[in-house]
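For reference, the structure is listed below as structure tokens.
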Ligand code: 6PG
């Protein structure tokens, strides 16, 4: 699939952003002929979206049996820890909507080390995909959700980290996080995140506005280097949007 230009979609507020994201997810899942694969993100921005997926309006429209849920990065803490990204997604929707347990692919962040967890998760992704090499014509994911941190990081790919240059591994351990919470992380790399029909960045709130403008203007920041084999969409609320982009 040829890479397309990033699109910027601006919504009125964080609630409309969650609604638009949920509709885009549903569309992508509906288009997937068999299994659908969604790669979730952590942080606080996706919380309204995850809550929305648990409401009657949305839960009845998701084919849970054929939809698989992954996580783009996680903190190296047990899933019940309040810092766990997959734990947050479980609490907000996956546990209450009846998603089959085997469809929720958490990173093994309880034992060993971030590096060992990365190798296990990479093996799990390869089993799901059915091949050891990513084929741009057959993306691993239908949607990859992403966020942007205050230092321009995305997933757990922090500025100046060697993980930014990784071309072979799909998943790597990150011993030192570049910003809070300062716990080791496990993260998918750019090539694995790019293997998607749609990469959907979620950005909301005025405090994100300056950083978003820097990323979109092409500054050398991790979020600017994220790419997608399919569509690349920046879904942003009005408070975070750069000047001159009216809301839908
Ligand atoms: C994490 C994330 C991270 C996050 C951004 C934005 O584990 O921290 O996956 O990349 O998406 O830091 O976080 P907020 O939504 O909380 O601003």
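Can you compute the modelled spin-label distance between residue 97 and residue 12, with each label point 7 Å from Cα toward Cβ, in nm?
2.4
Of the peptides 113-122, 35-44, how do they stack up when ordered by the mean number of other Cβ atoms within 10 Å, highest first? Mind showing how you got there, number by number?
Working: 113-122: 19.0, 35-44: 21.0.
In descending order of packing, they fall as 35-44, 113-122.
Please work out how much length the chain gains when fully extended from residue 217 to residue 182, using 0.36 nm per residue of separation minus the C-alpha to C-alpha distance, in nm with one decimal.
Working it through step by step, the gained length comes to 9.8 nm.
Quick check on the range 53-134: take the gyration tensor over C-alpha atoms, sort the square-rooted eigenvalues as a ≥ b ≥ c, and tell me if it's rounded (a/c under 1.5), prolate or oblate.
oblate
Grab the DSSP H runs of the chain that are 4 residues or longer, score each as -39,500 (n - 2.57), total them, divide by all residues and round the 222 nm result to the nearest 500 deg cm²/dmol.
Values: 8 runs with 67 residues, N = 248.
Here the helix-only value at 222 nm equals -7500 deg cm²/dmol.
Taking 0.36 nm per residue of sequence separation and subtracting the Cα-Cα distance, how much length would be gained by fully extending the chain between residue 26 and residue 210, in nm to one decimal?
63.2 nm
Test of understanding: in a Gaussian network model of the chain with alpha carbons linked when under 10 Å, which of 58, 50, 182 would top the mean-square fluctuation ranking?
182
Apply 1/(1 + (r/R0)^6) to the Cβ-Cβ distance of residue 243 and residue 128, taking R0 = 41 Å, and write down the FRET efficiency to the nearest 0.05.
FRET efficiency, residue 243 to residue 128: 0.45.
What shape does the range 166-248 have by the C-alpha gyration tensor, where a ≥ b ≥ c are the square roots of the eigenvalues, rounded means a/c under 1.5, and otherwise prolate means a/b greater than b/c and oblate the rest?
Judged from the Cα gyration tensor, the range 166-248 comes out oblate (a/c at least 1.5, b/c at or above a/b).
Checking the a/c ratio against 1.5 first, then a/b against b/c, what shape does the Cα gyration tensor give for the range 1-154? Please list the in-between numbers first.
Numbers: a/c = 1.28, a/b = 1.14, b/c = 1.12.
Verdict is rounded for the range 1-154.
Evaluate the distance, in nm, between pseudo-label points positioned 7 Å from the Cα of residue 169 and of residue 81 along their respective Cα→Cβ axes.
With each label point 7 Å from Cα toward Cβ, the separation is 1.8 nm.
At a 10 angstrom cut-off on C-beta neighbours, averaged per residue, how do the peptides 192-201, 64-73, 229-238 rank from highest to lowest?
So the order, starting with the most tightly packed, is 192-201, 229-238, 64-73.
Looking only at the range 194-211, which residues have a backbone nitrogen under 20 Å from a spot 7 Å from the Cα of residue 51 in the C-beta direction?
Within reach of a label on residue 51: 202-208.
Quick one: compute the contact order of the chain, relative version, from alpha carbon pairs under 8 angstrom and 6+ residues apart, as a percent.
Reported relative contact order: 27 percent.
Any read-out appearing in this document is the output of simple, stated calculations on the displayed coordinates, not a laboratory observation. This structure is a prediction, so every number in the text was calculated from the model and none was measured. Every residue, glycine as well, gets a Cβ built from its backbone with ideal geometry; the counts of neighbours run over all protein chains shown.
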